[in-house]
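A short write-up of the structure that comes next.
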Amino acid sequence: MSDTKIIPPIITFDKVNKWYGNSFHVLRDIDLSVAKGERIVICGPSGSGKSTLIRCINRLEEHQQGHLIVDGVELTDDVKAIDQVRKEVGMVFQQFNLFPHLTVLENLTLSPMWVGKMPKKEAEEKAMHQLKRVRIAEQANKYPLQLSGGQQQRVAIARALCLKPKIMLFDEPTSALDPEMIKEVLDVMIAMADEGITMLCVTHEMGFAKAVADRVIFMDQGQIVEQNNPHDFFNNPQNERSKDFLSKIL
Ligand code: ADP
Ligand code: MG
């Protein structure tokens, strides 16, 4: 044990429960500890609570029971704590959620300038750096709708990276894309994974999971029913529900 490196968790769910309304129990006793730099893929059937789980991490959804701690801050109704956590957590959605009336560059500089109070020139330099990183710098002055879906999603990733997040959440980032565009987005995500940022990604892209995930989490009916390294999860699932799910998607 002495040479085992102990990395403190950056995210801890401790018996987290959430309901929608009074009766729909969407997250059930979630216990999950994510190490700094860990890359987690979350999969499971539609409606199993995957989006809800990751949206709780930046408080786009609230939990009602248990404790959720993100980078040392417990998420409660304390607005300051929520603001602090949101600064550290980037999110990329299935529908890119870019502002259509702003150019690509303006989409990236908006928040650093107005929330982060960064001077325009500096915000633009940083934005261009991120656009290069996702290999789309030449599109900086176009509007989102002039780009392909794959390009728009790479802009959304660059926008999230401009805020220098410690944690990146992805919610089915390639599900809305045509097949030929999926790879260009996954390649950008794989490169990010190599840089050590903590990532939680809801996806059914098993190639991506095998390439980058330290751990695959399988959810069903609001519970984490199985978790394992990708090799063992895909080759030797233990739970009946994971076996059933994998038999349908593989
Ligand atoms: P997944 O991402 O795994 O498909 P979700 O977290 O989106 O699952 O949803 C889990 C369940 O919660 C689904 O049954 C969904 O219909 C329900 N749900 C999601 N969002 C809401 C909401 N805002 N109000 C009520 N029910 C919701
Ligand atoms: Mg979802």
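Coordinate-derived values only; no laboratory data. Computed from a prediction, not measured in an experiment: that's the story for all the values here. Heads up, the Cβs are rebuilt from the backbone with ideal geometry, glycines too, and the neighbour counts pull from every protein chain shown.
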Along each principal axis of its Cα atoms, how long is the chain end to end? Whole angstroms, biggest number first, please.
51, 47, 43
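Determine the percent antiparallel among the DSSP beta bridges restricted to the chain, to the nearest 5. Can you show the working numbers first?
On the way: 20 of 37 bridges.
In the chain, DSSP labels about 55 percent of beta bridges as antiparallel.
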Descending Cα extents along the principal axes, the stretch 72-197, whole Å
43, 31, 26
What pairs from Lys36/Lys183; Lys18/Lys164; Lys36/Lys164; Lys50/Lys166; Lys120/Lys164 go past 22 Å between their alpha carbons?
Lys36/Lys183; Lys18/Lys164
Could you work out how far apart the two model spin labels at Lys117 and Gln94 are, taking each label as a point 7 Å from the Cα in the direction of the beta carbon, and quote it in nm?
3.9
With the stretch 68-107 reduced to its Cα atoms and the Debye formula applied, log10 I(q)/I(0) at q = 0.14, 0.17, 0.22 1/Å amounts to -0.48, -0.63, -0.76
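Taking a ≥ b ≥ c as the square roots of the Cα gyration tensor eigenvalues, with a/c under 1.5 meaning rounded and otherwise prolate when a/b beats b/c, else oblate, which class fits the stretch 98-142?
Oblate shape, in that a/c is at least 1.5 and b/c is the bigger or equal ratio.
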Env charge @ Lys142, Cβ radius under 13 Å, K,R +1 / D,E -1, value -1
Unit charges on C-beta of K, R, D, E only; dipole of the stretch 197-241, Debye:
80
Test of understanding: in a Gaussian network model of the chain with alpha carbons linked when under 10 Å, which of Ser23, Ser48, Ser175 would top the mean-square fluctuation ranking?
Ser23
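Going by the alpha-carbon gyration tensor, a ≥ b ≥ c the square roots of its eigenvalues, is the stretch 112-172 rounded (a/c under 1.5) or, if a/c is not under 1.5, prolate (a/b greater than b/c) versus oblate?
Cα axes put the stretch 112-172 in the oblate bin.
Can you tell me how the stretch 30-72 classifies by the Cα gyration tensor, rounded, prolate or oblate, using a/c under 1.5 as the rounded cut?
Numbers: a/c = 1.88, a/b = 1.11, b/c = 1.68.
Because a/c hits 1.5 or more and a/b fails to exceed b/c, the stretch 30-72 counts as oblate.
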Whole angstrom only: what separates the Cα centroid of the stretch 184-250 from the Cα centroid of the stretch 33-85?
18
For the stretch 170-224 (alpha-carbon point model, no solvent) the Debye-based log₁₀ I(q)/I(0) at q = 0.30 Å⁻¹ works out to -1.39
DSSP bridge pairs, the stretch 166-234: antiparallel proportion in percent, nearest 5:
50
